[in-house]
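The values are calculated or read from the model by the stated rules, or taken from the named source; none is laboratory data. For clarity, every value in this text was computed on a predicted model and none was experimentally measured. Here Cβ is always computed from backbone atoms with ideal geometry, including for glycine, and neighbour counts include all displayed protein chains.
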Amino acid sequence: MLRARVEAAYGQASVAVPPAATLEDLVAAHKPDYVRRVCEGRLRDEEIRRIGFPWSEAMVERSRRSVGATIAAGRAALTDGVAVSLAGGTHHAAQDHGKGFCVFNDSAVAARRLQSEGVVRRVLIIDCDVHQGDGTAAIFAGDDTVYTFSIHGGNNFPFTKALSDLDLPLDDGASDDAYLQALTWGLRRAIDLACADLAIYVSGADPFADDRLGRLALSKDGLAARDRHVLETCRSERLPVVVTMAGGYGRNIDDTVDIHVRTVRIANAVAAGSVDRMAGANTW
């Protein structure tokens, strides 16, 4: 539904199909044994339950394509300033396991891949999904080349949190004003401390008030203000940014799609407003 809405707004040529992440890509952030067992269908029953999806070849292909999209968007962002993956944000996947509908961690793999190519040195991950990015935080624990910032529902899944470089847990029922005030402070601090060449923005539709798994109370306009603030701040800092969609569990699926489409529209508007094309990492 999201892809159809984007193609209707911008044309089919606006959407590129990414190559699947390779095994070499995936082991940059995940244990080789875990990657092999996912791809070969040898996960244990309890591992499959932890992920939340039944195993299938299609599940593996979809997971690899989602990671590939974030890698491709990272390369595009370094050229164009802003790039969007219509999937991604699988931030609960850790080095040796998946969890919470997340098989592989696309942000972590993309950061590692782009670092290995020498096109970025430092990466900032801005995680605004309603659930803490525990897998991402665990993968980069003790690594000062990737700064992890997560603003999330403090009482929501995962119930045992990891330690991000900056965590901002919010109370249940937090609405637009409280959220945006916390985000403004946290984003400024994260950008200042990260000294990054690239940001990966895990957006998320699930802070929405009518999300079944959210427990926060943001309006659609509040979520749009969140997106504008993150993307315009990155632009003002000459920081290329990748946007991923992350979670969304609206009681009405059209609400989730509306929120994601608006994120894409705002990213497009911010990119179109840039004065000059990107000449390389960290230059507008």
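For the condition part of a strand (DSSP E or B), surrounded by fewer than 24 Cβ atoms within 10 Å (Cβ to Cβ) and small (Gly, Ala, Ser), Ala83 qualifies. Screening the candidates Ile139, Ile126 for the property of being in contact with a Leu (Cβ under 7 Å, 6 or more places away or on another chain), over 20 Å from Arg49 (Cα atoms) and among the hydrophobic types (A, V, I, L, M, F, W, C) yields one hit, Ile126. Tallying residues that are out of contact with any Lys or Arg (no Cβ under 8 Å at 6 or more places or on another chain), under 16 Å from Ala69 (Cα atoms) and part of a helix (DSSP H, G or I) within segment 102-146 yields 8. Please determine, by comparing only the residues of segment 190-215 that are crowded, with 24+ Cβ neighbours inside 10 Å and part of a loop (DSSP other than H, G, I, E, B), which one is nearest to the chain's Cα centre (by Cα). This residue is Ser203. Whenever a residue of segment 40-58 is over 16 Å from Cys102 (Cβ atoms), its partners that are among the hydroxyl-bearing types (Ser, Thr, Tyr) and outside any helix (DSSP H, G or I), lying with C-beta atoms within less than 9 angstrom and at least six residues away or across chains, give the pairs Gly41/Ser56.
Considering segment 100-143, the residues that are of a type outside the set (Phe, Trp, Tyr), within 20 Å of Arg62 (Cβ to Cβ) and touching a Gly at 6+ places or on another chain (Cβ under 6 Å) include one that is surrounded by the fewest Cβ atoms within 10 Å (Cβ to Cβ), namely Asp129.
Count of segment 219-246 residues, restricted to those that are in a loop (DSSP other than H, G, I, E, B) and either modelled with pLDDT under 95 or basic (Lys, Arg) (or both), is 1. Inspection of segment 260-268 finds a residue satisfying the criterion of being modelled with pLDDT of 95 or more, assigned to a helix (DSSP H, G or I), within 17 Å of the chain's Cα centre (by Cα) and charged (D, E, K, R). Considering segment 216-244, and only residues there that are under 17 Å from the mean Cα position of the chain (by Cα) and closer than 17 Å to Asp254 by Cβ, the residue that is surrounded by the most Cβ atoms within 10 Å (Cβ to Cβ) turns out to be Leu223. Filtering segment 147-173 to residues that are in contact with a helix residue (DSSP H, G or I) (Cβ under 9 Å, 6 or more places away or on another chain) and in a strand (DSSP E or B) leaves Tyr147, Thr148, Phe149, Ser150, Ile151, Leu166, Asp167, Leu168, Leu170. Which of the residues spanning segment 40-62 are part of a helix (DSSP H, G or I) and surrounded by fewer than 17 Cβ atoms within 10 Å (Cβ to Cβ)? Within segment 40-62, Glu40, Asp45, Glu46, Ile48, Arg49, Arg50, Glu57, Ala58, Met59, Glu61, Arg62 meet the criteria.
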